[in-house]
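Participant: Before I ask anything, here is the structure I am working with.
The values are calculated or read from the model by the stated rules, or taken from the named source; none is laboratory data. Treat the numbers as computed from the prediction; the structure is a model and nothing was measured. So basically every Cβ, Gly included, is an ideal-geometry build from the backbone, and we count neighbours across all protein chains shown.
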Amino acid sequence: MSDLLDYLRRCIAHEGPISVAQYMETCLAHPEHGYYITRDPLGAIGDFTTAPEISQMFGELIGLWAAQVWQTMGAPGSVSWIELGPGRGTLSADALRAMSGVPGLKQRIEVHLVETSPVLRQCQTAALQSWAPTWHDSIDTLPGGPAIIIANEFFDALPIRQLVRAGAEWRERTVELSDSGELVFGQTPALGIAPVLPAGLSNVKDGDIVEVSLAAMGVVRTLTDRLRDQGGAALIIDYGHGASAPGDTLQAVKGHAFHDVLQDPGSADLTAHVDFAQLAVTARKAAGVVYGPLTQGAFLRALGIELRAEQLRAKANLEQSIAIDSALERLTAGDAMGRLFKVMAITAPGLSAPAGFENLHSSDDST
Ligand SMILES: C[S@@+](CC[C@H](N)C(=O)[O-])C[C@H]1O[C@@H](n2cnc3c(N)ncnc32)[C@H](O)[C@@H]1O
């Protein structure tokens, strides 16, 4: 039996069933045995591959997006580049390299990384040495001032609560022990839950699951307060949905394949789809200006990914050209990451629309 399974069994035996949010948080972030604490899960020999690991084009375009935000802010003398959950540091490295080409910007950037994984902090140290980053365990210790904040596949790792419709009431989905000591899902009454349910939910049927991430809403609230008062913009990229809807999206992935959520806790990545509508409502309540979400394909095309691919191809050999085409396809095609992944920006009031979102109409596709 793994150490984490043993720990969870003992906790549940002593204190009773735990919420799905507690289960997720323990599996991912337990200080000794948590999934992200113990490994680098990225890449072909890991569990999953993220967009910046597919191609340098992804981080470069985000860097140019950020440079444009800096210019629309009036080119402040100092700006924090903040990445939440930077993985191997690849996105930041590609973005900062692209930003360095913008006259007057490089010397104004301070790099701040919010990262809980000691293993991934080591990768980030190697990737970002020349930028002398400052690390933070949480957003609470970030310094003030104008900021450009990037989060790629960060919000999907934040714990969700799962609420189950039961007649006129709601119950909370829990993780508990079966008679034989196995981890199984259960339910307990969820009292006073109505205020945190997503607004605008309709057609919720008996037995449906509705997911709520108080952790994600808390992060968006804090970031928006900061952007509103001190200037800047945030870019959130993740897989998820543009409108709140019932559904069980909790999933485990191990070795690039789906895995049982309750089996071998701490050995697989646990995520849930991001409810962009909930995040948008939270940001607007804090007086942030919200753009999107757009699909990742539409966003990257608007930023000129096809042109960037053409530039790279011009200097590439045949093998490299094939890899560039394949990366372009993976990042933008509707049946790859182009449609499921969404991009949403939050800016301080008064800032003009960030790149990629200028021609956004309310009917833009975000499903
Ligand atoms: C799926 S990886 C994405 C990595 C990177 N953004 C990329 O696109 O390659 C999730 C990242 O978020 C970090 N992370 C997960 N939960 C976190 C938390 N609560 N606070 C800070 N970082 C966290 C992980 O250690 C990892 O760096």
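Participant: Can we say Ala67 is free of Cβ contacts under 8 Å to residues at least 40 places away in the same chain, touching an Asp or Glu at 6+ places or on another chain (Cβ under 6 Å) and aliphatic (A, V, I, L, M)? Quick ask: steps written out before the conclusion?
Facilitator: Values: free of Cβ contacts under 8 Å to residues at least 40 places away in the same chain: yes; touching an Asp or Glu at 6+ places or on another chain (Cβ under 6 Å): no; aliphatic (A, V, I, L, M): yes.
It is false that Ala67 is free of Cβ contacts under 8 Å to residues at least 40 places away in the same chain, touching an Asp or Glu at 6+ places or on another chain (Cβ under 6 Å) and aliphatic (A, V, I, L, M).
Participant: Among Pro41, Pro52, Pro103, which is closer than 29 Å to Gln230 by Cβ and touching a residue at least 40 places away in the same chain (Cβ under 8 Å)? Write out each step before concluding.
Facilitator: Working: Pro41 fails: closer than 29 Å to Gln230 by Cβ; Pro103 fails: touching a residue at least 40 places away in the same chain (Cβ under 8 Å).
The conditions single out Pro52.
Participant: Same structure again: Hey, any hits in region 196-217 for a residue that's out of contact with any Cys (no Cβ under 6 Å at 6 or more places or on another chain), modelled with pLDDT of 95 or more and more than 18 Å from Ala245 (Cα to Cα)?
Facilitator: Yes; the residues of region 196-217 include at least one that is out of contact with any Cys (no Cβ under 6 Å at 6 or more places or on another chain), modelled with pLDDT of 95 or more and more than 18 Å from Ala245 (Cα to Cα).
Participant: With the requirement that a residue be more than 16 Å from the ligand (Cβ to nearest atom) and without any contact (Cβ under 8 Å) to a residue 40 or more places away in the chain, what does region 230-256 give you?
Facilitator: If the condition is that a residue be more than 16 Å from the ligand (Cβ to nearest atom) and without any contact (Cβ under 8 Å) to a residue 40 or more places away in the chain, then Gly247 is the only one that fits.
Participant: Right, something else. Would you mind listing the helices (runs of 4 or more DSSP H) fully within region 56-133 where at least 2 residues are within 13 Å of the ligand (Cβ to nearest atom) and under 21 Å from Ile37 (Cα atoms)? Quick ask: steps written out before the conclusion?
Facilitator: On the way: elements: 56-72, 90-100, 118-127.
Filter on region 56-133 gives 90-100, 118-127.
Participant: Separate question: How do the pairs read when you match residues in region 149-162 that are in contact (Cβ under 8 Å) with a residue 60 or more places away in the chain and more than 12 Å from the ligand (Cβ to nearest atom) with residues anywhere that are in a helix (DSSP H, G or I) and among the charged types (D, E, K, R), using Cβ under 9 Å and keeping only pairs 6 or more apart or on different chains?
Facilitator: The qualifying pairs are Ile149/Arg226.
Participant: Within region 247-296, which residues are surrounded by fewer than 23 Cβ atoms within 10 Å (Cβ to Cβ), of a type in the set (Gly, Ala, Ser) and closer than 30 Å to Ala355 by Cα?
Facilitator: Hits for region 247-296 are Ala277, Ala280, Ala286, Ala287.
Participant: Tell me, please, whether a residue that is free of Cβ contacts under 8 Å to residues at least 40 places away in the same chain and either of a type outside the set (Phe, Trp, Tyr) or in a loop (DSSP other than H, G, I, E, B) (or both) can be found in region 291-300.
Facilitator: Looking for residues that are free of Cβ contacts under 8 Å to residues at least 40 places away in the same chain and either of a type outside the set (Phe, Trp, Tyr) or in a loop (DSSP other than H, G, I, E, B) (or both), one finds none in region 291-300, hence no.
Participant: Something else about it: Those residues that are within 12 Å of the ligand (Cβ to nearest atom) and either farther than 19 Å from Ile324 by Cα or buried (at least 23 other Cβ atoms within 10 Å of the Cβ) (or both), I need them from region 43-54; list them, please. Steps first, please.
Facilitator: Of region 43-54, the ones within 12 Å of the ligand (Cβ to nearest atom) are 43, 46-54.
The answer is Gly46, Asp47, Phe48, Pro52.
Participant: Restricting the search to region 168-178, which residues are surrounded by fewer than 16 Cβ atoms within 10 Å (Cβ to Cβ) and at pLDDT below 95? I'd like the intermediate steps shown before the answer.
Facilitator: Filtering region 168-178 down to residues surrounded by fewer than 16 Cβ atoms within 10 Å (Cβ to Cβ) leaves 168-169, 178.
If the condition is that a residue be surrounded by fewer than 16 Cβ atoms within 10 Å (Cβ to Cβ) and at pLDDT below 95, then Ala168, Glu169 are the ones that fit.
Participant: Sort out which residues of region 8-26 are of a type in the set (D, E, K, R) and within 15 Å of the ligand (Cβ to nearest atom), and write them in order of number. Spell out the reasoning first.
Facilitator: Let us first name the residues in region 8-26 that are of a type in the set (D, E, K, R), namely 9-10, 15, 25.
The one that is of a type in the set (D, E, K, R) and within 15 Å of the ligand (Cβ to nearest atom): Glu25.
Participant: Further, regarding this structure: For region 222-232, enumerate the residues that are closer than 22 Å to Ser244 by Cα, out of contact with any Gly (no Cβ under 6 Å at 6 or more places or on another chain) and surrounded by 17 or more Cβ atoms within 10 Å (Cβ to Cβ).
Facilitator: Of all residues in region 222-232, those closer than 22 Å to Ser244 by Cα come to 222-224.
If we keep only those that are out of contact with any Gly (no Cβ under 6 Å at 6 or more places or on another chain) as well, we get 222-223.
If the condition is that a residue be closer than 22 Å to Ser244 by Cα, out of contact with any Gly (no Cβ under 6 Å at 6 or more places or on another chain) and surrounded by 17 or more Cβ atoms within 10 Å (Cβ to Cβ), then Leu223 is the only one that fits.
Participant: For region 27-42, which positions are away from the ligand (no atom under 12 Å from the Cβ) and polar (S, T, N, Q)?
Facilitator: none
Participant: A follow-up question, please. I'd like to verify a number: residues in region 185-221 that are within 16 Å of the ligand (Cβ to nearest atom) and either over 18 Å from the mean Cα position of the chain (by Cα) or surrounded by fewer than 16 Cβ atoms within 10 Å (Cβ to Cβ) (or both), how many?
Facilitator: First, the residues of region 185-221 that are within 16 Å of the ligand (Cβ to nearest atom): 213-221.
After this cut, where a residue has to be either over 18 Å from the mean Cα position of the chain (by Cα) or surrounded by fewer than 16 Cβ atoms within 10 Å (Cβ to Cβ) (or both) as well, the list is 214, 218.
Total meeting the criteria: 2.
Participant: Could I ask something else about it? Being part of a loop (DSSP other than H, G, I, E, B), more than 18 Å from the chain's Cα centre (by Cα) and under 19 Å from Tyr23 (Cβ atoms) is the filter here; which residues of region 141-178 pass it?
Facilitator: Ser178
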